[in-house]
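*Asks:* Below is the structure I would like to discuss, written out as structure tokens.
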Amino acid sequence: MSASSNAENVVLGIVREYLSKKPFFSMKNIVEYINNRVRHNPDINKNRIELIIKSLIKKRVIIPGTKLMKRDIIENPTRNEIFEYIKQNPAKNINEIMKAHNLGSNLALWHLSALEKFQFIRSKKIRNQCIFFQFDSDPKFDKFLYYMANDIVQSIVTFMQNEKPLKITEIADGLKKNHNTIKKYLEALIDLKLVEIEKEKSRDLYKLNKERYLKAIKLVNRG
């Protein structure tokens with residue numbers, strides 16, 4: 001282990017001890033506390049301690065105002081289950097997470113807040129819903145994942161797989177869904193550039209861009 005890694009581990013261990021007693025800390029106080037504990041260690045001085053603390057905060061290993069540290073977060077079984085669920089099922093909203101884990105809203109929000117604070121997950125507002133994703137997933141695929149997780153959207157895409165241009169009424173009748181519902185999701189697919197509009201006289205026909213759709217699926221799976 002390098003001297004730098006060893007110094008960080010020493011400081012981190014003392015930080016854990018400090019936070020178990022005082023979750024609210026100032027940089028000055030915690031540096032003084034650690035410095036007193038390592039005063040016989042020639043490799044660690046005040047400046048180095050401060051740099052390590054700032055690095056730990058930047059990496060969200062520790063967060064001022066909470067005694068929790070990053071490694072504590074997923075030691076909680078429920079929180080770990082939620083994290084794994086979001087990893088495997090991106091673009092879920094809080095109601096879906098609550099249902100999947102049989103949690104009340106307050107408890108679900110508490111776990112999600114901790115996961116987000118320590119950058120295990122992130123959230124985005126889509127169609128007035130707070131949607132959760134793994135933190136290091138690519139945000140450019142968020143809307144794609146959100147809509148592809150919708151059963152009606154999946155049905156529309158499957159129905160349009162033959163790439164034949166279709167009228168909204170054909171899709172709605174074929175799927176036995178409301179015309180306005182189909183229109184709403186077609187507009188979303190158009191926005192994602194997965195569906196194209198073709199004109200036939202005065203009518204709009206809708207066609208799946210299968211090549212773009214398959215490419216998006218491939219890119220998401222690769223990510």
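Only the coordinates and a few stated rules stand behind these numbers; no lab work does. Since this is a predicted model, take the numbers as computed values, not measurements. Ideal geometry is used to build each Cβ from the backbone, glycine not excepted, and the neighbour counts take in all protein chains shown.
*Asks:* DSSP loop (so not H, G, I, E, B), at most 15 other Cβ within 10 Å: list which trypsin sites (Lys or Arg not before Pro) in the range 137-170 pass both filters.
*Replies:* Qualifying residues, ordered by number: LYS167.
*Asks:* How big is the range 6-65 along each principal axis, measuring the range of its Cα positions in Å and listing the largest first?
*Replies:* 30, 22, 17
*Asks:* For the range 145-222, report the translational diffusion coefficient in µm²/s to the nearest whole number, using Stokes-Einstein at 25 °C, 0.890 mPa s, and a Kirkwood Rh over Cα pairs.
*Replies:* For these conditions, the coefficient is 194 µm²/s.
*Asks:* Right, next: Measure nothing fancy, just the Cα-based angle from helix 46-58's long axis to the longest principal axis of the chain, in degrees from 0 to 90, nearest 10.
*Replies:* With both axes taken from Cα atoms, the answer is about 20 degrees.
*Asks:* Then there is this: Over the range 74-137, calculate the relative contact order: mean separation of alpha carbon pairs under 8 Å at least 6 apart, over the residue count, as a percent.
*Replies:* With pairs under 8 Å counted, the relative contact order is 36 percent.
*Asks:* How large is ³J(HN,Hα), in whole Hz, for each residue of the range 88-105 in order, when computed from phi with the Karplus curve 6.51 cos²θ - 1.76 cosθ + 1.60 and θ = phi - 60°, using x for Gly and Pro?
*Replies:* For the range 88-105, the Karplus-derived couplings read 7, 10, x, 6, 9, 9, 5, 5, 5, 5, 4, 5, 5, 10, 6, 10, x, 5 Hz, x marking Gly and Pro.
*Asks:* Right, here's the next one. Amide H neighbours of GLU163 under 5 Å, at least 5 residues apart or on other chains, H built in the peptide plane: list them.
*Replies:* Here LEU208 satisfy the definition.
*Asks:* Next question. At q = 0.12, 0.15 Å⁻¹, what log₁₀ I(q)/I(0) does the chain have when each alpha carbon counts as one equal point scatterer in the Debye sum?
*Replies:* Log-scaled intensity ratios, in q order: -0.78, -0.99.
*Asks:* What is the angle, in °, between the Cα long axis of helix 27-37 and the longest principal axis of the Cα atoms in the chain? Nearest 10 is fine, range 0 to 90.
*Replies:* Roughly 50 degrees, rounded to the nearest 10.
*Asks:* Given points 7 Å out from each Cα along the Cα-Cβ axis, report the ILE190 to LYS215 separation in nanometres with one decimal.
*Replies:* Reported label-point gap for ILE190 and LYS215 is 2.1 nm.
*Asks:* From the mean inverse distance of alpha carbon pairs (Kirkwood) and the Cα radius of gyration, derive Rg over Rh for the range 53-176.
*Replies:* The Rg/Rh ratio comes out at 1.12.
*Asks:* How much FRET efficiency would the formula 1/(1 + (r/R0)^6) give for GLU200 and ILE152, where r is the Cβ-Cβ distance and R0 is 22 Å, rounded to 0.05?
*Replies:* Taking R0 as 22 Å, the efficiency between GLU200 and ILE152 is 0.35.
*Asks:* Let me ask you something else. Output wanted: per-residue J couplings in Hz (rounded whole) for the range 139-155, from phi through Karplus 6.51 cos²θ - 1.76 cosθ + 1.60, θ = phi - 60°, x for Gly and Pro.
*Replies:* x, 5, 9, 4, 5, 4, 5, 4, 6, 5, 7, 8, 4, 5, 4, 4, 5
*Asks:* Cα atoms only, the range 65-114: Rg and Dmax in Å?
*Replies:* 10.8, 31
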